[in-house]
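Trainee: Please read through the structure below; I'll follow up with questions.
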Amino acid sequence: MKQKSLMEQWIDLKADFPRHIVLIQCGVFYETYQEDAEFLAEISKIQTYLRGPSNVAGFPVNSLDKYRRNIEDLGYQVVVVTEMAWDGNIKIRGIEYVTGRKQISQNVQKQKREISAEEPKKKAKKTSQTVQTAKDLKEEHKVEVALTQIGNMFNAFEDDAKTLSEKIGLKSFEKYGYLTVGFPINAKETYFRKILDARISFLTIVETGKGQHGSTRELGEVFSGNTSTDQTVPTNPPIRLISRVDHNSLKTAALTHAKNGFYIIPLVENTKRPLISDWQNRATTNTLQIDSWWSEHPNANIGIACEVSNLIIIDLDTSKGASVPSPWVEQGIQSGEDLFRKICSEAGDNQLFQTYTVDTPSGGKHLYFYDENSPIKQGVEVNGWWRVDTRSRGGYIVAEGSRILNDKNGLLEDYKAAGSMTSVLSFPNWLRELLAHKKTLNPGIPVQNQKMVASIDTPKFSAQFAEQVLSERCELIRSTSEGSRNQSLIRHATYIGKIISTGVLDENIATRRLLEAAIASGLTNFESQNAIKAGIKYGKNLIQ
């Protein structure tokens, strides 16, 4: 009889223990799934990930006591299911612990002893094949260590495990009769660098799919280990697939985004404004919380918090009737998309528009990329790229499925996926370098004012000059026409943030003056405060 999957075992146990968090041992990890995974992530501050259609959260087996106590201290109950034996074909599991029921633990310990005596653990046939494949590839490519992808981990076995344990400090353990060490794939940059620094040559064996008898693998990359300085450690994670967004309702759309690993916040109906306070810390993938928000506010729009979702968004806007500035007009640029396509073409990378993309009601596009948790410039018209904005740390984006008023026709229109793309590309290194934080001139300032900007980086920027600039900026904000007020406010606040960072302008005074000007222009107090806060923070970071 075919053994039930972990997910099927979890479903069976949830029927018996609907009010418990069910933890199932899977090798050197305890895992849980679906709503239990979301809940565990929420209360224990760990990440969930997708495995097939299931949300998964987990932790190492040696951390069980810590996580169990944490769950129970919060007033919740736990079921712990452990691996009791492995006969080479079938893994036998049993309930070891249930909150408040000591007799179960006693019974299972006895059962473990009986199984161990009758069916001793054997080396798994599949693992033996994996180890042999690693040995063959090591010999062929003349390297010291092979790292084999097993699920979300890179593992090394036997002598390779001893080498990595001794030279870079990885903790070894026994699995299926083999000594092994391992580390998460999403930490590969750190560990690859440690291996190279230890002058160890190695190769990777990566999973390419699932076959009749389990995972299929092939050779990944080979690192000579001659020196740690001439090796290139791959920095871009693989393409990640996401599910198509369900548009039946805003709630179902929000839940789909959450299942794709994006952290969700509710936005005010038909707007881009957050519906909740402290959204940076309250963004979640917890389906129970999302269900609660949209049950109370069924027409709330959907926001995705970029930083915690590990996203960078390239926001390409239309001209919105404005004249195209020089030098872009001379190059035939008519929109942010035109300009970004040109930038990509000049970099020799024409694949970025193949990432998951959302068309906005205004005619623009949001291009989604997975981040590597490295800061980049973000805000309006970064690097002076006309109508090209970025969103990453500290920002959020209006998500597919949301609805907003189209200024051109006065109708409510949806944010829709462009085509059928369901893959999110990693953020390219060449673009990261272009958007790296540098102390540069502010591209949003007219050429005649560039000398003024340059002086910000020096201590000669006087308080009198700072006051003059603040007054001029506030006047520009008051006279900004409808349609570009918010972006204009962020741009001016960013510039004032640079001045504040030099210490010659009081932030509270500047914020109050900018807010007065923004409200006078027709913006609301709420959206003005958010724009000013974001702009000043970004401007200060540009100098630091």
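The values are calculated or read from the model by the stated rules, or taken from the named source; none is laboratory data. Keep in mind that this is a model prediction, so the values were computed, not measured. A quick note on method: Cβ atoms are made from the backbone with ideal geometry, for glycine too, and the neighbour counts reach across all protein chains shown. Surface accessibility is based on the protein's heavy atoms, side chains included, excluding ligands, DNA and RNA. Shrake-Rupley method; radii C 1.70, N 1.55, O 1.52, S 1.80 Å.
Trainee: Mind running the shape call on the range 249-408? Use the C-alpha gyration tensor, a ≥ b ≥ c as the square roots of the eigenvalues: rounded below 1.5 for a/c, prolate if a/b tops b/c, oblate otherwise.
Mentor: Working: a/c = 2.32, a/b = 1.72, b/c = 1.35.
Prolate shape, in that a/c is at least 1.5 and a/b is the bigger ratio.
Trainee: Something else: Please give the peptides 411-418, 306-313 ranked by average Cβ packing (other Cβ atoms within 10 Å per residue), highest first, as a rough proxy for protection.
Mentor: Order by mean packing, descending: 306-313, 411-418.
Trainee: Next question. Quick check: Cα centre of the range 244-288 to Cα centre of the range 492-522, how many Å?
Mentor: 31 Å
Trainee: Pop a pseudo-label 7 angstrom from the Cα along the beta-carbon direction at both D136 and E330 and give the gap in nm to one decimal.
Mentor: In this crude spin-label approximation the distance works out to 6.2 nm.
Trainee: Using a 1.4 angstrom probe on heavy atoms only, work out the carbon and sulfur share of the accessible area of the range 237-302 in %. Don't jump to the answer; show the numbers that get you there.
Mentor: On the way: 1490 of 3180 Å².
Within the range 237-302, the accessible surface is 47 percent carbon and sulfur.
Trainee: Another question about this same structure. Leaving out same-chain residues fewer than 8 places away, which aspartates and glutamates sit with a Cα under 12 Å from that of K135?
Mentor: E144, E158, D159, D160
Trainee: What does the extension gain come out to for K342 and K320, with contour length at 0.36 nm per residue minus their alpha carbon separation?
Mentor: Value of the extension gain: 5.9 nm.
Trainee: Related question: Work out from phi, with θ = phi - 60° and the Karplus expression 6.51 cos²θ - 1.76 cosθ + 1.60, the ³J(HN,Hα) of each residue of the range 286-302, listed in order in whole Hz, and give x for Gly and Pro.
Mentor: So the J values, rounded to whole Hz, are 5, 5, 5, 5, 5, 4, 5, 4, 7, 5, 7, 10, x, 9, 5, 6, 10.
Trainee: Further question on the same structure: 7 Å from Cα along Cα→Cβ at both L288 and V206: what's the point-to-point distance in nm?
Mentor: Here the modelled spin labels are 3.8 nm apart.
Trainee: Also, I was wondering about something else. Using amide H atoms built in the peptide plane, which far-off residues or other-chain residues are under 5 Å from F29 H to H?
Mentor: For F29, the qualifying residues are V61.
Trainee: Additional query: Kindly rank 392-405, 339-352, 137-150 from highest to lowest mean number of other beta carbons found within 10 Å of each residue. Mind showing how you got there, number by number?
Mentor: On the way: 392-405: 21.9, 339-352: 14.1, 137-150: 18.9.
The densest-packed peptide leads the list: 392-405, 137-150, 339-352.
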